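Worksheet: the structure to be examined is printed underneath.
The values are calculated or read from the model by the stated rules, or taken from the named source; none is laboratory data. Predicted model, so just to flag it, every value in this text is computed and none were measured. A quick note on method: Cβ atoms are made from the backbone with ideal geometry, for glycine too, and the neighbour counts reach across all protein chains shown.
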């Protein structure tokens, strides 16, 4: 395919728009996560506008620490419209549960730290100026 494809984006343009590196986009292509719509005469990969949404989705799924194989299965199911991804659904539900648990743990930690600060009693030691990192005597 030639560079004259209407609306086609070269890999550098996709990288600039997505905030990902060209190397990362090539890797995703090599792993089968994304597919170029063609190549220029110079063999540059070309993509259509939908690539931005796919890369954003990949970024979100990776943030959930999903393995690339699961991400690939999900993307293929989404592209074909045929859902064969019960295990992925379970994985995502499990990740959601894990995230909720982390939020609860952080809220409990925040509550405990707030309690410690509210009940804080100075030890009576010599204090450094506020700009100092360490305090003596505590």
If you go through segment 57-73, how many residues are under 21 Å from residue 11 (Cβ atoms) and over 8 Å from the mean Cα position of the chain (by Cα)? 4
Give just the number: which of (1) in a helix (DSSP H, G or I); (2) within 24 Å of residue 9 (Cβ to Cβ) does residue 46 not satisfy? (1)
Pair list, Cβ under 6 Å, 6 or more apart: segment 56-68 residue at pLDDT below 85, other residue in a helix (DSSP H, G or I): 64/95
Could you tell me which of the residues 94, 110, 77, 87 is surrounded by 14 or more Cβ atoms within 10 Å (Cβ to Cβ) and either more than 20 Å from the chain's Cα centre (by Cα) or assigned to a helix (DSSP H, G or I) (or both)? 77
Suppose we filter segment 25-55 for residues that are closer than 27 Å to residue 92 by Cβ, without any contact (Cβ under 8 Å) to a residue 40 or more places away in the chain and out of contact with any helix residue (DSSP H, G or I) (no Cβ under 8 Å at 6 or more places or on another chain); how many remain? 5
